1. For V17, are the conditions met, namely being farther than 18 Å from G142 by Cβ, touching a strand residue (DSSP E or B) at 6+ places or on another chain (Cβ under 6 Å), crowded, with 17+ Cβ neighbours inside 10 Å and modelled with pLDDT of 95 or more?
2. Quick check on my filter: what residues within the stretch 98-111 are under 21 Å from I65 (Cα atoms), touching a strand residue (DSSP E or B) at 6+ places or on another chain (Cβ under 7 Å) and part of a helix (DSSP H, G or I)?
3. Hey, among the residues in the stretch 157-180 that are under 21 Å from L25 (Cβ atoms) and either modelled with pLDDT under 95 or part of a loop (DSSP other than H, G, I, E, B) (or both), which one's nearest to the chain's Cα centre (by Cα)?
4. I need a count of the residues in the stretch 124-168 that are among the hydrophobic types (A, V, I, L, M, F, W, C), more than 25 Å from D224 (Cα to Cα) and touching a strand residue (DSSP E or B) at 6+ places or on another chain (Cβ under 7 Å).
5. From the list D179, D206, pick out the single residue that is open to solvent by less than 80 Å² (accessible area, probe 1.4 Å) and in contact with an Asp or Glu (Cβ under 9 Å, 6 or more places away or on another chain).
6. Inspect the stretch 77-86 for any residue being of a type in the set (A, V, I, L, M), closer than 14 Å to A33 by Cα and touching a helix residue (DSSP H, G or I) at 6+ places or on another chain (Cβ under 6 Å) and give the result as yes or no.
7. Could you list, in sequence order, the residues of the stretch 126-151 that are in contact with a helix residue (DSSP H, G or I) (Cβ under 9 Å, 6 or more places away or on another chain), assigned to a helix (DSSP H, G or I) and either buried (at least 24 other Cβ atoms within 10 Å of the Cβ) or among the acidic types (D, E) (or both)?
Amino acid sequence: MLAMQSESPAPAYKRIVLKLSGEALRETGGRDAISPQIVREIASQIKEVHELGVQTSIVIGGGNIWRGLAASHRGMDRTTADYMGMLATVINGMALQSQLEQIGVATRVQSALTMHQVAEAFIRRRAVRHLEKGRVVIFGGGTGNPYFSTDTAAALRANEIGAEVILKATKVDGIYDSDPKKNPKAKRFNQISYLDALQKQIKVMDSTAFSLCMDNKMPIIVFDLFQPHNLRRVVLGEEVGTLVTG
């Protein structure tokens with residue numbers, strides 16, 4: 001008698017928002033703003049989660065190409081600089097979409113800024129419908145407003161589409177009480193409250209994003225994306241990274 005094949009493990013979340021920084025797409029020390037190899041690796045991790053049946057959306061930053069706040073500190077008009085940063089996020093979203101579709105994952109880019117030649121306009125109901133049909137949705141253009149970060153865009157989109165969690169991808173394995181690269185005795189938190197994160201001025205997300213999540217009870221998991229299969233482990237409910245909750 002043939003043994004029955006084991007079923008895939010059940011994910012802990014049905015709908016997620018993955019927050020990627022623009023810097024995540026750049027190779028450390030590399031000259032190119034976008035590393036095709038790194039984008040392929042990220043796309044492969046997203047595919048692993050997608051194949052579990054998880055409705056996956058992504059909010060992506062643009063700091064590998066342009067940082068509006070930094071440019072404003074050098075004399076550029078802040079509003080103009082921020083809009084330029086929003087355009088950078090759409091470029092990154094298109095790069096990730098290309099890699100996802102090359103490995104067989106249907107993907108849509110929705111932008112908070114209208115640019116119908118390269119991306120759909122953000123429409124909440126359409127985004128939810130894409131997710132229900134098994135497509136990955138990449139949200140570009142931030143919130144569409146200056147003075148707001150893509151962290152805040154992630155918090156906003158997660159609440160708008162009814163996601164169950166925000167997965168904040170970083171290059172460290174969670175939140176620490178000090179910089180672990182500078183302090184070998186830095187303590188990592190397995191869990192921390194929104195209020196503590198705000199009071200301790202944790203820099204992993206900005207205060208507006210933390211506040212929006214706190215007000216709407218949206219949990220955040222901060223984890224290291226660059227460990228193999230870590231995204232899948234988080235989605236399956238393993239204790240990976242740091243949970244930010246009430």
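The values are calculated or read from the model by the stated rules, or taken from the named source; none is laboratory data. Since the model is a prediction, treat every value here as computed from it, not as a measurement. Glycine gets a Cβ as well: all are built from the backbone with ideal geometry, and neighbour counts include every protein chain shown. The protein model used for the area step is the full one, side chains on, heavy atoms only, and it has no ligands, DNA or RNA in it. Shrake-Rupley method; radii C 1.70, N 1.55, O 1.52, S 1.80 Å.
1. Criteria not met by V17.
2. Selection gives L100 alone.
3. Here the residue is T170.
4. Narrowing the stretch 124-168 to residues among the hydrophobic types (A, V, I, L, M, F, W, C): 127-128, 131, 136-139, 148, 153-156, 158, 161, 163, 165-167.
In the following step, the residues that additionally are more than 25 Å from D224 (Cα to Cα) were identified as 127-128.
From what's left, touching a strand residue (DSSP E or B) at 6+ places or on another chain (Cβ under 7 Å): 127.
Matching residues across the stretch 124-168 total 1.
5. D206
6. no
7. Correct list: T150, D151.
Here is a yes/no grid of residues against (1) within 28 Å of F210 (Cβ to Cβ); (2) free of Cβ contacts under 8 Å to residues at least 12 places away in the same chain:
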{"position": "G22", "(1), (2)": "yes, no"}
{"position": "S35", "(1), (2)": "no, yes"}
{"position": "I46", "(1), (2)": "yes, no"}
{"position": "V49", "(1), (2)": "yes, no"}
{"position": "D77", "(1), (2)": "yes, yes"}
